[in-house]
Amino acid sequence: MIYHFFIAQSQRRRRPLSPSASIRARLSTKSSHVDMRAAQRSATAPCALATRANATSTSARRCASVMRATASEDETLRSFDPDMVGYLAPELLVSNLTVRDGDDGCVGKGAFSQCFLGTLRTDDGADVDVVVKRYLEVPGRDVGSFYDDEWDACRVLRACPGVAPFLGAAGVQQYLVWENVGLVTLENALEGGDDVFQEARRAMPNALGSASTDAECFLAIAKSLTASIAAIHGNDIIHRDVKPSNVLLSDTRGVVLCDLGAAADVETGRGMDGEAIFDPIYGAPEQFEIVQTGGGMLGGLFGRKNSEKSSFELRATGETPTFLFDAFSLGMTLLRLGVPSLRSETAISQARKDIDALCGGDIVRWRNEICVAGVNDWSLVDGTGAWDTIARLTHPLPSARLSVDTAEF
Ligand SMILES: Nc1ncnc2c1ncn2[C@@H]1O[C@H](COP(=O)(O)OP(=O)(O)OP(=O)(O)O)[C@@H](O)[C@H]1O
Ligand SMILES: [Mg+2]
């Protein structure tokens, strides 16, 4: 279960560090997903389009060349600049879409949206398996702006190799449509515990190729996920919600990311205002702070509950998003994958709390001083040489953190 915490629309127009720009989270909740979206999120799509389209600067040319470099499949994207050919995402006809919107077709449900299986009839009459996202009506929330934001990030990234292929939008703020690349997420594979790599091999036998041992599979997934995030960054987008449930293990596409609902666009400024959407297990420490608001001791926050009445707020720090947000989340994701005792969501959640509360965010200290010898098996991360990279990716200080594009596995 994912919880979204939010501030009211009227309050979202203030700067994030104001007392009202906070959210209340009872951290006894299993998994919290914090949503403190930007005041400017209600900026309309045409506005952002104009910003990007009218940019005649080096940055626009750079963006165009990145698009050219990554547009392996969509020829039209090669002429993205300056004529805007291929700029807008395809508009799909709702009448060409069959959505299995019952329980059996539902593949994901968030606080603001639901994902369903479906079929899209293409111009040449073929039926393509798709996944569609439909945003829900949420009283008091401008969900339409969330739709526009995700649509915009998907549009920018639709030819990016590390992302689930975006096919377009159908209806008026009705459906976002992606190719169904295979439904197994890294989260699903992790649910297999010790069998995680067996699950991964089952989901993507061709993509994993000759990787047969656990170490080879771990490295193949780490490399591929790193490359996917780096490709997203190459398009000036920060994903901001990198975590196992948003990582698809696709046999046709490799390790790709989905869920661009939280993405920030460095070029247009969309989502760049310092409020944050993050999952506190994977979110970079500079994105949020934890403030005690109720009774009990702060220690109760970290799994050592002193009082049932303890309550805490997760508060956005207002830090402007950077690519290093995703670096931290990548490191946490690979820590979970690489250490068998951390593969359950409960275990990685506890580990994150301990790393922050007991070790000031220092993962090396946490391993050396907090982890009980013999309980965790470090052989995979040590044997593959990944430990050092994971530790540098999760460095609590952004200035000392390894960036995704320089991380090597
Ligand atoms: N292109 C795709 N191909 C296959 N499966 C997909 C694809 N896109 C999404 N999915 C599946 O749907 C699930 C939900 O998608 P997504 O993460 O975009 O939405 P969500 O997590 O429900 O939204 P929210 O972030 O609001 O909670 C994913 O975890 C994955 O299982
Ligand atoms: Mg998701």
Next item on the list: Could you figure out which of (1) of a type outside the set (D, E, K, R); (2) over 18 Å from Asp405 (Cβ atoms); (3) within 15 Å of ligand 1 (Cβ to nearest atom) isn't true of Thr268?
Entry: (3)
Check: If you check every pair at least six apart or on different chains, which have Cβ atoms under 7 Å apart with a residue in segment 189-202 that is in contact (Cβ under 8 Å) with a residue 12 or more places away in the chain first and a residue that is basic (Lys, Arg) and surrounded by 14 or more Cβ atoms within 10 Å (Cβ to Cβ) second?
Finding: Leu190/Arg336; Leu190/Arg343; Gly193/Arg343; Val196/Arg343
Margin query: If I go through segment 211-244 residue by residue, how many of them are more than 18 Å from Ala284 (Cβ to Cβ) and touching an Asp or Glu at 6+ places or on another chain (Cβ under 6 Å)?
Written below: 1
Next item on the list: Please work out which residue is modelled with the lowest pLDDT, limiting yourself to segment 253-272 and to residues that are in a loop (DSSP other than H, G, I, E, B) and either within 12 Å of ligand 2 (Cβ to nearest atom) or of a type in the set (Gly, Ala, Ser) (or both).
Entry: Gly271
Margin query: Name the residue that is farthest from ligand 1 (Cβ to nearest atom), counting only residues in segment 253-263 that are among the aliphatic types (A, V, I, L, M) and touching a Ser or Thr at 6+ places or on another chain (Cβ under 8 Å).
Written below: Val255
Notebook entry, point to check: Out of segment 100-123, which residues are in a loop (DSSP other than H, G, I, E, B), away from ligand 1 (no atom under 14 Å from the Cβ) and either in contact with a helix residue (DSSP H, G or I) (Cβ under 7 Å, 6 or more places away or on another chain) or over 15 Å from Asn180 (Cβ atoms) (or both)?
Noted result: Gly102, Asp123
Check: Would you pick out the residues in segment 324-350 that are touching a Pro at 6+ places or on another chain (Cβ under 8 Å) and among the aromatic types (Phe, Trp, Tyr)?
Finding: Phe328
Notebook entry, point to check: Among the residues of segment 227-252, how many are within 15 Å of ligand 2 (Cβ to nearest atom) and more than 25 Å from Cys217 (Cβ to Cβ)?
Noted result: 1
Notebook entry, point to check: Looking only at segment 117-134, which residues are touching a residue at least 12 places away in the same chain (Cβ under 8 Å) and more than 16 Å from ligand 2 (Cβ to nearest atom)?
Noted result: Gly118, Thr119, Leu120, Arg121, Thr122, Val128, Asp129, Val130
Notebook entry, point to check: If the Cβ limit is 6 Å and pairs must be 6+ apart or interchain, which residue in segment 313-324 that is at positive phi pairs with which residue that is modelled with pLDDT under 90?
Noted result: Gly318/Pro16; Gly318/Leu17; Gly318/Gly274
Note to self: Among the residues that make up segment 145-156, is at least one of them closer than 19 Å to Lys109 by Cα, out of contact with any Phe, Trp or Tyr (no Cβ under 9 Å at 6 or more places or on another chain) and of a type in the set (Gly, Ala, Ser)?
What the structure shows: yes
Next item on the list: Evaluate segment 335-349: report whether one residue or more is touching a Phe, Trp or Tyr at 6+ places or on another chain (Cβ under 8 Å), under 30 Å from Asp265 (Cβ atoms) and either surrounded by fewer than 21 Cβ atoms within 10 Å (Cβ to Cβ) or touching a residue at least 60 places away in the same chain (Cβ under 8 Å) (or both).
Entry: yes
Next item on the list: Residues that are touching a Ser or Thr at 6+ places or on another chain (Cβ under 9 Å), within 14 Å of ligand 1 (Cβ to nearest atom) and closer than 26 Å to Ser113 by Cβ: find the strands (runs of 3 or more DSSP E) completely inside segment 146-252 holding 2 or more of those.
Entry: 175-179, 247-250
Note to self: Within segment 164-173, does at least one residue satisfy the condition of being at pLDDT 95 or above, within 27 Å of Leu225 (Cβ to Cβ), touching a strand residue (DSSP E or B) at 6+ places or on another chain (Cβ under 8 Å) and within 13 Å of ligand 2 (Cβ to nearest atom)?
What the structure shows: yes
Notebook entry, point to check: Could we say that Leu358 is surrounded by 18 or more Cβ atoms within 10 Å (Cβ to Cβ) and either in contact with a helix residue (DSSP H, G or I) (Cβ under 7 Å, 6 or more places away or on another chain) or closer than 14 Å to Phe288 by Cα (or both) here?
Noted result: no
Check: What pairs can you find where one residue is in segment 100-116 and over 13 Å from Val131 (Cα atoms), the other is at pLDDT below 95 and within 11 Å of ligand 2 (Cβ to nearest atom), and their Cβ atoms are less than 9 Å apart, with a gap of 6+ or different chains?
Finding: Gly110/Ile2; Gly110/His33; Gly110/Gly261; Ala111/Ile2; Ala111/His33; Phe112/Gly261
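The values are calculated or read from the model by the stated rules, or taken from the named source; none is laboratory data. Keep in mind that this is a model prediction, so the values were computed, not measured. We place every Cβ from the backbone using ideal geometry, glycine too, and count neighbours over all the protein chains shown.
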